[in-house]
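Written below as structure tokens is the structure these notes are about.
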Amino acid sequence: MNEFTSKVHRDLPATRMWGFEAASPGPTIEARSGEGLLVEWVNNLPAKHFMPIDHNLHGAEADKPEVRSIVHVHGAKVPPESDGYPENWYVPGKSATYYYPNGQDPALLWYHDHAMGINRLNIYAGLFGLFIVRDKVEDALNLPRGAYEIPLVVFDRSFRQDGQLDYPVSGIADAPWVPEAFGEAMMVNGKLFPYLDVEPRKYRFRLLNASNGRFYHFSLSNGQHFKQIGTDQGLLPAPVDIETLLVAPGERVDVVVDFTGQRGERILLKSDTFEIMQFRVGRDRVSDSSSLPGSLRPVPKTLESSAIRTRRIPIIENKAKNGDSMMMLLNGMHWDMPVTENPTLDTTEIWELVNTTEDSHPIHLHLVRFQLLDRRVFNEYVYYRTRELRYTGPVEPPEPFEAGWKDTIRAHSLMVTRIIVRFEGYAGRYVWHCHLLEHEDNEMMRPYDVVAPRG
Ligand SMILES: [Cu+2]
């Protein structure tokens, strides 16, 4: 992890950033399923932070070193000591060597800082990169690959006129935390408003929303559809034709776009009114030997009957007297309260996320992959008064584009979102949290224990 400067656009002076080696996103790590690897994550950052630390936040008190970091690989099934527990941060001059067994299906994972109380600032400064797992089964599908498989890491930032990153503050000098951070400028793979020359053929784009708080509704300006082939944790059973991709912070989508009929066109990747990037399609016909098979990889449904326990977990917002958002809590609990989620290794549970807040929260569990069962609208007033769930709408099954393996799920506002999770791999202490980084840094994160079965 280093500090460096980077030209994000030809019309802007170079921007100070933090990243891996000298890049943000950092170098992409490629791994094969079942082949482990060791990474030494070296903190070579300066001693002073350049983002507004809020010392009121738990874990970021004034007696803590300003610059601390620890790396977590989002979506990786790893032993607890290699997962990057938020309190195990280390300072410049130190490093940690983590083991990634990669005993999991092919997927686009991503590594990023996870340091307690300043995670949102370290990631905004640039501490993230991609980690791709592959295997023979996926290779055999003959999807577009090599130069035709392109990761697109999308995130928003604000810049000052001198080209430097601008992170929003509350206006209260000794309490700068803001409940949500949105940038005005859209970045892809570390560049501002980039374009990509493409050939008139199929491409595989692996999209990651690495924003602190912004949700995207990706679409193409010519009305062309995406073929979505995968979710966070790997391939869908079959491609899904989709016009708009809704992607929350931390989520990934894997798509194929066919530019064959678009020779000479310029096509924008858009989100609502934002223009994200441009595809410039070549005029010359090319041959394309890649394929988009009708079936990809089976995703066996985890049956509700296999769950040994259902946990009902409210998501609650605490407001200040003036109505401002103070913090949002999982299960009404702060980070340093005793562990309440303690599933047994190799068992399956249903988690009912009862979102009583006005925000949609992307909820991420470390270690595991899971499936979305359904979502359902409920009466929040009855719930507040009695803690009873009175449903006021029909059961909404997963959309076809989220009917695969997930590790981050949108818990929609005023809905119950039910996921089914098998806790496999390792016993030990992990975390689960909201992936809106401003929420996560302000108590919307909880430790959880995977408990080894007795005997
Ligand atoms: Cu949240």
query: Once Lys and Arg get +1 and Asp and Glu get -1 on their Cβ, which of Ala411, Met444, Tyr426 lies farthest toward the positive end of the dipole of the stretch 398-449?
result: Tyr426
message: What percent of all Cα-Cα pairs in the stretch 377-455 falls into each 10 Å bin, going from 0 up to the bin containing the maximum distance?
response: 13, 33, 38, 15, 1
- prompt: Of all accessible surface on the stretch 88-206 at a 1.4 Å probe, what whole percent is carbon and sulfur?
  reply: 54 percent
Average silhouette area of the stretch 234-337, convex hull of alpha-carbon atoms, in square nanometres: 12.7 nm²
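What ranking of His217, His9, His72 comes out by heavy-atom accessible area, probe 1.4 Å, highest first?
Values: His217 70, His9 50, His72 0 Å².
Per-residue accessible area, sorted high to low, gives His217, His9, His72.
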task: Please quote Rg/Rh for the chain to two decimal places, taking the Kirkwood radius as Rh and restricting both calculations to Cα atoms.
output: 0.95
message: Which of the three applies to the stretch 80-188, rounded, prolate or oblate, going by the alpha-carbon gyration tensor with a ≥ b ≥ c and a/c under 1.5 meaning rounded?
response: oblate
- prompt: In whole percent, how big is the carbon plus sulfur part of the accessible area of the stretch 251-304, probe 1.4 Å, protein atoms only?
  reply: 47 percent
message: I'd like the distance between the alpha-carbon centres of the stretch 410-442 and the stretch 363-407, rounded to an integer number of Å.
response: 12 Å
- prompt: What FRET efficiency do you get for Asp374 and Leu345 if R0 is 25 Å and r is their Cβ-Cβ distance, rounded to the nearest 0.05?
  reply: 0.45
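Rounded to a whole number, what % of the accessible area of the stretch 340-455 do carbon and sulfur atoms account for, probe 1.4 Å? Provide the component values of the computation, followed by the final result.
Numbers: 1980 of 4080 Å².
Looking at the stretch 340-455 in its full context, I get 48 percent from C and S.
Leaving out ligands and nucleic acids, and using a 1.4 Å probe, what accessible area per residue does the chain come to in Å²?
Values: 18290 Å² over 455 residues.
Ligands and nucleic acids excluded, the result is 40 Å² per residue.
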- prompt: Between Asp162 and Ala47, what is the FRET efficiency for a Förster distance of 30 Å, r being their Cβ-Cβ separation, to the nearest 0.05?
  reply: 0.85
Cα gyration tensor shape for the stretch 1-132, rounded if a/c is under 1.5, else prolate or oblate: oblate
query: How much accessible surface does Val421 have with a 1.4 Å probe, in Å² rounded to 10?
result: 0 Å²
field: Protein-only accessible surface order, largest first, of Phe401, Phe218 at 1.4 Å
entry: Phe401, Phe218
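Mind giving me the FRET efficiency for Gln224 and Asp63? R0 is 60 Å, r the Cβ-Cβ distance, nearest 0.05 is fine. List each step's numbers first, then the result.
Details: r = 55 Å, r/R0 = 0.91.
Plugging the Cβ-Cβ distance into 1/(1 + (r/R0)^6) gives 0.65.
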message: Over the stretch 206-253, what portion of Cα pair distances is larger than 17 Å, expressed as a whole percent?
response: 34 percent
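Considering lysine pairs in the stretch 30-158 that are 8 or more places apart or on different chains, how many have Cα atoms under 25 Å apart?
Values: Lys48/Lys64; Lys48/Lys94; Lys64/Lys94; Lys77/Lys94; Lys77/Lys136.
Lysine pair count for the stretch 30-158: 5.
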message: Sort Glu180, Glu443, Glu21 by heavy-atom solvent-accessible area, probe 1.4 angstrom, most to least.
response: Glu21, Glu180, Glu443
message: If I ignore ligands, DNA and RNA and count only protein heavy atoms, how much of Asp284 is accessible to a 1.4 Å probe, in Å² to the nearest 10?
response: 120 Å²
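The values are calculated or read from the model by the stated rules, or taken from the named source; none is laboratory data. What you are looking at is a predicted structure, and each value in this text was computed from that prediction instead of being measured. Here the Cβ is made from the backbone with ideal geometry for all residues, glycine too, and neighbour counts use every protein chain on show. We work out accessible area using only protein heavy atoms, side chains counted, and drop any ligands, DNA or RNA first. Shrake-Rupley method; radii C 1.70, N 1.55, O 1.52, S 1.80 Å.
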